[in-house]
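Asks: Once you've had a glance at the structure underneath, I'll fire off some questions.
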Amino acid sequence: MNNALNSQLPSILHASDAYYTIFAELSDFVGDGVNYHRIVALKNGAIIGGGMSNRGMVFSVNVSTTGRFAISYVESLRRLTLSLSSFTIIDLAGNTPTQTMDVLPIIQDGRTLVPIRFIAEALGAEVDWTRATADRPITIHITLNGQTLSFGIGEVTPQLAALGMDVPAQLMNDRTMVPLRFAAEFFGAVVDWDGDTRGIEIVAPVGETYLDRRAVEAIEEALNTGAEDNN
């Protein structure tokens, strides 16, 4: 496959054998006053992430397969940023107030655990808990977009393990700490980890999407061209 495939909008760079990086010049599509942090890429209607460059109106996203993609503007998108060394959760998309946690995220067994109430509220989710009896563990319930995720403290049930949970929730300083990637991806969010800054970005699909059809067609054409060159 060629190292670079040019298309009027967008282009593709073959970055590795594992994924492609799609670049799209969006200066003709993003007007003044538009919060470009609400622009994301989708495949088959599901958000797969991506973001705008700080150096201009260039959108990029990594994809692992060819197929039909879309660049979309999601009015009520959440694009949350946090780090292991900060108590602050900021929504770059501007759809939820800044949250200040009272417990820092931690890494345990290779998983990032966060105080779930702050993350859930930043995503627009509801958090509740129940206890069947006084001597039974607490069960946490998180509800977002009509879906509910329930789990206990200190245990991973076979059902949760089948969903991808491999580190149990735990209590720390009276806060419930939950593996972030598992909880976020359950609700269709995309989680990116930056090892250099030890920062985390969560892109959550809340609300309706608005597709730019020219971007859809250009991405599809460029990907199809790349697939043909690779055969």
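Asks: On the given criteria, is Asp166 assigned to a strand (DSSP E or B) and either acidic (Asp, Glu) or surrounded by 12 or more Cβ atoms within 10 Å (Cβ to Cβ) (or both)? Lay out the reasoning, then the answer.
Replies: Numbers: assigned to a strand (DSSP E or B): no; either acidic (Asp, Glu) or surrounded by 12 or more Cβ atoms within 10 Å (Cβ to Cβ) (or both): yes.
No: the conditions fail for Asp166.
Asks: Mind listing whichever residues of region 171-191 are in contact (Cβ under 8 Å) with a residue 60 or more places away in the chain, assigned to a strand (DSSP E or B) and loosely packed, with under 15 Cβ neighbours inside 10 Å? Show your work before the answer.
Replies: First, pick out the residues of region 171-191 that are in contact (Cβ under 8 Å) with a residue 60 or more places away in the chain: 172-173, 175-184, 187-190.
From the residues that got through so far, the ones that are assigned to a strand (DSSP E or B) too are 172, 175-179, 190.
Result: Met172, single match.
Asks: Sticking with this one: Restricting to region 143-157, and then to whatever is of a type in the set (S, T, N, Q) and loosely packed, with under 15 Cβ neighbours inside 10 Å, can you tell me which residue is nearest to Pro205 (Cα to Cα)?
Replies: In the first step, residues of region 143-157 are kept if they are of a type in the set (S, T, N, Q); the result is 143, 145, 147-148, 150, 157.
With loosely packed, with under 15 Cβ neighbours inside 10 Å added as a condition, the list becomes 145, 147-148, 157.
Values: Asn145: 9, Gln147: 13, Thr148: 15, Thr157: 27 Å.
Taking the candidates together, the pick is Asn145.
Asks: Here's another thing I want to ask about it. Any chance region 88-99 includes a residue that's surrounded by fewer than 18 Cβ atoms within 10 Å (Cβ to Cβ) and in contact (Cβ under 8 Å) with a residue 60 or more places away in the chain?
Replies: No, region 88-99 has no match at all.
Asks: Name the single residue that is nearest to the chain's Cα centre (by Cα) among those in region 66-76 being farther than 16 Å from Val30 by Cα and not in a strand (DSSP E or B). Break it down into steps so the answer makes sense when it comes.
Replies: To start, the set of residues in region 66-76 that are farther than 16 Å from Val30 by Cα comprises 66-69, 76.
Okay, now just the ones that are also not in a strand (DSSP E or B), so 66-68, 76.
Numbers: Thr66: 20, Gly67: 20, Arg68: 19, Ser76: 14 Å.
Top of the filtered list is Ser76.
Asks: For region 26-45, give me each residue that is part of a loop (DSSP other than H, G, I, E, B) and modelled with pLDDT of 85 or more. I'd like the intermediate steps shown before the answer.
Replies: Pass one, region 26-45, residues part of a loop (DSSP other than H, G, I, E, B): 26-35, 44-45.
If the condition is that a residue be part of a loop (DSSP other than H, G, I, E, B) and modelled with pLDDT of 85 or more, then Asn35 is the only one that fits.
Asks: Okay, next question. Every residue in region 29-75 that is of a type in the set (Ser, Thr, Tyr) and either touching a Pro at 6+ places or on another chain (Cβ under 7 Å) or free of Cβ contacts under 8 Å to residues at least 60 places away in the same chain (or both), please.
Replies: Taking region 29-75 and keeping what is of a type in the set (Ser, Thr, Tyr), we get 36, 53, 60, 64-66, 72-73.
Scanning region 29-75 gives Tyr36, Ser53, Ser60, Ser64, Thr65.
Asks: In region 105-132, which residues are outside any helix (DSSP H, G or I), surrounded by 15 or more Cβ atoms within 10 Å (Cβ to Cβ) and not small (Gly, Ala, Ser)?
Replies: From region 105-132, those outside any helix (DSSP H, G or I) are 105-115, 124-132; that's our starting set.
Within this subset, residues satisfying the condition of being surrounded by 15 or more Cβ atoms within 10 Å (Cβ to Cβ) are 105, 111-115, 124-125, 127.
Result: Pro105, Arg111, Thr112, Leu113, Val114, Pro115, Val127.
Asks: Residues Ile12, Ile48: which one is in contact with a Leu (Cβ under 9 Å, 6 or more places away or on another chain), assigned to a strand (DSSP E or B) and modelled with pLDDT under 80? I'd like the intermediate steps shown before the answer.
Replies: Numbers: Ile48 fails: modelled with pLDDT under 80.
The match here is Ile12.
The values are calculated or read from the model by the stated rules, or taken from the named source; none is laboratory data. Quick caveat, the model's predicted, so the values are computed rather than measured. As a convention, Cβ positions derive from the backbone with ideal geometry for all residues, glycine included, and neighbour counts pool all protein chains shown.
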